[in-house]
Amino acid sequence: MSAVAYDSLLSTTAVISTVFQFLSGAMICRKYIQKKSTGDSSGVPFICGFLSCSFWLRYGVLTNEQSIVLVNIIGSSLFLVYTLIYYVFTVNKRACVKQFGFVLVVLVSVILFTNQLEDQRDRMIHVTGIVCCIVTVCFFAAPLASLLHVIRAKNSESLPLPLIATSFLVSLQWLIYGILISDSFIQIPNFLGCILSLLQLGLFVLYPPRSYSGHGYKLVEQAVPF
């Protein structure tokens, strides 16, 4: 198999697996619809997912990476729908609007700023890539509180093993793809994603679940940036 064909196969499988992972948010929204309430859950993961996918969509357009464009068109659309569903069923609509408004301001501000660098395309891509990495690293940092809880409790039953394993495989696919196309902005966040997933998988070995349920961890917080 040629290098080009391998790149194409890897990007295709990475897009498919990432979209399936994005769809984990539909499970949560289904519960909102059934209960007609969001309970005490937060809409921030959905809103941050929309921001992350929107930035990566911008990056994919600038670098002409069609796989990045495709997966983030789907991702930003899904997270926007999830956010709207959350808004419909939450009692704290004002907070949701403020959070989403803040995200839109950040998104538009960065786009307007990078547009000023249109005559310096390489710098425009570089700045956008840095922003994408920062947002993604912050997105990956969300589960750290849960890791500390697992370490203190010495029990990993609150972590969803299938989702963590899937996250590792998805991050690994994008990491390899980033290496193949020599894109450090794709490599860095997915390398960190692999490390975080491995840390969580390691906790299953150190602290085996006493009665595994896997429901104590919000699914969308484990979503990858692409």
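Condition check ((1) farther than 30 Å from GLU118 by Cβ; (2) among the hydrophobic types (A, V, I, L, M, F, W, C); (3) assigned to a helix (DSSP H, G or I)) across all residues:
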| position | (1), (2), (3) |
| --- | --- |
| ARG58 | no, no, yes |
| LEU62 | no, yes, yes |
| SER67 | no, no, yes |
| VAL88 | yes, yes, yes |
| GLN99 | yes, no, yes |
| PHE102 | no, yes, yes |
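Does GLY25 qualify as being closer than 24 Å to THR114 by Cβ, buried (at least 18 other Cβ atoms within 10 Å of the Cβ) and either in contact (Cβ under 8 Å) with a residue 12 or more places away in the chain or out of contact with any helix residue (DSSP H, G or I) (no Cβ under 9 Å at 6 or more places or on another chain) (or both)?
On the way: closer than 24 Å to THR114 by Cβ: no; buried (at least 18 other Cβ atoms within 10 Å of the Cβ): yes; either in contact (Cβ under 8 Å) with a residue 12 or more places away in the chain or out of contact with any helix residue (DSSP H, G or I) (no Cβ under 9 Å at 6 or more places or on another chain) (or both): yes.
Spelling it out, it is not the case that GLY25 is closer than 24 Å to THR114 by Cβ, buried (at least 18 other Cβ atoms within 10 Å of the Cβ) and either in contact (Cβ under 8 Å) with a residue 12 or more places away in the chain or out of contact with any helix residue (DSSP H, G or I) (no Cβ under 9 Å at 6 or more places or on another chain) (or both).
From the list LEU198, LEU175, LEU161, LEU219, which residue is modelled with pLDDT of 90 or more and under 18 Å from the mean Cα position of the chain (by Cα)? Steps first, please.
Working: LEU198 fails: modelled with pLDDT of 90 or more; LEU161 fails: modelled with pLDDT of 90 or more; LEU219 fails: modelled with pLDDT of 90 or more.
The match here is LEU175.
Pick from the stretch 124-136 the residues that are under 18 Å from SER171 (Cα atoms) and touching a helix residue (DSSP H, G or I) at 6+ places or on another chain (Cβ under 6 Å): which of them is surrounded by the most Cβ atoms within 10 Å (Cβ to Cβ)?
Only one residue fits best here, namely CYS132.
Tell me which residues, restricted to the stretch 160-184, are of a type in the set (Ser, Thr, Tyr) and outside any helix (DSSP H, G or I). Quick ask: steps written out before the conclusion?
We begin by selecting, within the stretch 160-184, every residue of a type in the set (Ser, Thr, Tyr); these are 166-167, 171, 177, 182, 184.
Once the filter is applied, which keeps residues that are of a type in the set (Ser, Thr, Tyr) and outside any helix (DSSP H, G or I), the stretch 160-184 yields only SER182.
Can you spot a residue in the stretch 188-201 that is among the hydrophobic types (A, V, I, L, M, F, W, C), farther than 17 Å from THR136 by Cβ and crowded, with 16+ Cβ neighbours inside 10 Å?
yes
The values are calculated or read from the model by the stated rules, or taken from the named source; none is laboratory data. Keep in mind that what you see is a predicted model, and the values were worked out from it rather than measured. Here Cβ is always computed from backbone atoms with ideal geometry, including for glycine, and neighbour counts include all displayed protein chains.
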